[in-house]
1. Quick one, which of (1) 17, 46, 29, 7, 1; (2) 16, 32, 24, 20, 7, 1; (3) 21, 57, 22, 1 is the actual P(r) over Cα pairs in 10 Å bins from 0, in percent calculated for this model?
2. Name the most mobile residue of A31, A40, A65, meaning the one with the largest mean-square fluctuation, in a Gaussian network model of the chain with Cα contacts below 10 Å.
3. In the Gaussian network model of the chain, springs joining C-alpha atoms below 10 Å, which of L51, L37, L20 carries the largest mean-square fluctuation?
Amino acid sequence: MAVPLPTAQTRWRCTLCGNLTRFDVTRASRAVEYVHLDLAGEPRVEEREVLSETIESVRCRWCNAVDQVELVDRPSTGQSA
């Protein structure tokens, strides 16, 4: 089951323990990378373009619950727009 990414207005929350800050995220992605090899042959990625990315699962770091994450609204900052 794919988990939606948080937005500027939402964040993740574990439905079992209430955790809002610590998660292990498993992602599947396709990317194009520009790899620069130095003269010794050591690679370094200098540019990366993500073509597609899917979050496969999210596990709560506090209670170890798997796929028990929901999107909730972020608290307002108290500033008017």
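Nothing in this text is a laboratory measurement; each read-out follows from the coordinates by a stated rule. Every value quoted in this text rests on a predicted model; they were computed, and no experiment measured them.
1. Identified label for the calculated read-out: (2).
2. A40
3. Looking only at L51, L37, L20, the largest GNM fluctuation is found for L37.
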